[in-house]
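Taking it in order: structure first as structure tokens, then the write-up.
The values are calculated or read from the model by the stated rules, or taken from the named source; none is laboratory data. All values reported here derive from a predicted model rather than from experimental measurement. All Cβ positions, even for glycine, are placed from backbone atoms using ideal geometry, and neighbour counts span all protein chains on display. Surface areas here come from the heavy atoms of the whole protein model, side chains and all, with no ligands, DNA or RNA. Shrake-Rupley method; radii C 1.70, N 1.55, O 1.52, S 1.80 Å.
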Amino acid sequence: MALFSSNITGASRSLRVLARLLAYPDAQLRGALNDMRQALVAERALPTARLAELGALMSTLESGNALENEAEYVEVFDRGRATSLHLFEHVHGDSRDRGPAMIDLAQTYEKAGLFLGPDEMPDYLPVVLEFVSTQPPAEARAFLSEMAHIFNAIFAALQQRNSAYASVLGALLELSGEKAQPVKVVPDEPLDACWEEPVVFDGCSVKGQTKPGQAQPIHFVKPDAAKTSPKAAAL
């Protein structure tokens with residue numbers, strides 16, 4: 001992703017750190033954690049308690065088992081919609097409105113001088129935060145506040161899973177001027193059910209009935225003599 005140069009003001013460095021923390025915890029991310037920690041402390045855009053939580057998450061990513069951390073990231077963010085980092089997943093789901101919304105958001109980025117790579121989705125939260133970090137403080141806060149209800153839903157889902165990544169969403173809520181509120185989390189549909197093929201022929205079962213084990217009516221249809229005669233068959 002190509003970003004134009006801009007002055008670091010307000011919470012822009014903190015937003016970029018939060019964006020990186022929500023990315024896949026690969027070796028490149030682990031190597032940058034110390035600089036990220038220092039940037040958060042230096043900017044002081046977040047409360048001390050939140051900085052402590054984020055510091056604990058970074059320590060886990062820095063010194064914990066890399067494979068386990070990567071597996072946990074996939075389990076948390078890639079298995080279910082409740083914690084999806086693709087924001088339009090929470091707004092539009094699989095509806096047709098998602099495509100036009102993607103285009104509009106990408107055009108907003110381009111007007112500001114931010115151009116996405118071929119594999120980057122405009123509604124991916126780390127990408128959104130990279131964009132917001134380039135905006136003046138007032139505009140950045142307003143942009144975040146518009147998405148606060150989504151942040152809160154993800155925050156609640158992460159807390160329900162006892163995930164340390166909840167601290168990142170909590171930080172975003174604080175930067176947007178909002179407070180994390182408990183919300184009802186809709187259970188994710190099991191993956192097997194999501195991939196289950198729809199029923200095509202519902203009239204057949206192992207017993208040849210739609211309701212096996214129950215009495216079924218039998219209908220006798222009298223054949224049409226004209227259609228079944230050899231003469232009619234030849235026409």
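Summary of computed values
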read-out: Inter-residue pairs, beta-carbon under 6 Å, first over 23 Å from TYR24 (Cβ atoms) and touching a residue at least 12 places away in the same chain (Cβ under 8 Å) and in region 43-68, second of a type in the set (D, E, K, R) and assigned to a loop (DSSP other than H, G, I, E, B), 6+ apart; value: none
read-out: Region 118-133, subset open to solvent by 20 Å² or more (accessible area, probe 1.4 Å) and at pLDDT 90 or above, residue farthest from LEU175 (Cα to Cα); value: TYR124
read-out: Filter result for LEU169 (at pLDDT below 85, surrounded by 13 or more Cβ atoms within 10 Å (Cβ to Cβ) and not small (Gly, Ala, Ser)); value: no
read-out: 2 or more residues touching a helix residue (DSSP H, G or I) at 6+ places or on another chain (Cβ under 9 Å), exposed (fewer than 11 other Cβ atoms within 10 Å of the Cβ) and at pLDDT below 90: qualifying helices (runs of 4 or more DSSP H) within region 28-117; value: none
read-out: Within region 152-167, considering residues that are within 14 Å of the chain's Cα centre (by Cα), in contact (Cβ under 8 Å) with a residue 40 or more places away in the chain and in a helix (DSSP H, G or I), the one nearest to VAL74 (Cα to Cα); value: LEU158
read-out: Filter result (part of a helix (DSSP H, G or I) and either under 18 Å from SER163 (Cβ atoms) or in contact with a His (Cβ under 9 Å, 6 or more places away or on another chain) (or both)) within region 18-27; value: LEU18, ALA19, ARG20, LEU21
read-out: Subset tally (residues that are within 21 Å of the chain's Cα centre (by Cα) and not in a helix (DSSP H, G or I)) for region 118-151; value: 9
